[in-house]
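Here the structure is laid out as structure tokens; the discussion comes afterwards.
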Amino acid sequence: MTSTTAPAPTASTARPPAPALTAGLLTILLGVVGGYGAIYFTGLEGWDAFGATYVTTYEWITLTGLVAAIAFVRGNHL
């Protein structure tokens, strides 16, 4: 009796297409600049409870977007 085995799946090592790479890098740039701008411009007139809440929320959303953009640029399409 013989058995057949399928070849093991291999991971793709190809780079993402140029438009996807460009979009991912622009998203990273927007996240970094936007995060800095949120901290800088909110703190210009002093920090209050609303400003701290706004910046904290904005930075968490930005961090989530940056992690997703970095994963996308690296080729993880989950």
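Structure values in brief
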{"read-out": "Estimated vicinal HN-Hα couplings, Hz - segment 60-73 in sequence order (Karplus 6.51, -1.76, 1.60; Gly, Pro = x)", "value": "5, 5, 5, 4, 4, x, 5, 4, 5, 5, 5, 5, 5, 5"}
{"read-out": "With all protein chains modelled, accessible area of PHE72 [1.4 Å, Å²]", "value": "80"}
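The values are calculated or read from the model by the stated rules, or taken from the named source; none is laboratory data. Since this is a predicted model, take the numbers as computed values, not measurements. Only protein heavy atoms, including side chains, enter the accessible area calculation; ligands, DNA and RNA are left aside. Shrake-Rupley method; radii C 1.70, N 1.55, O 1.52, S 1.80 Å.
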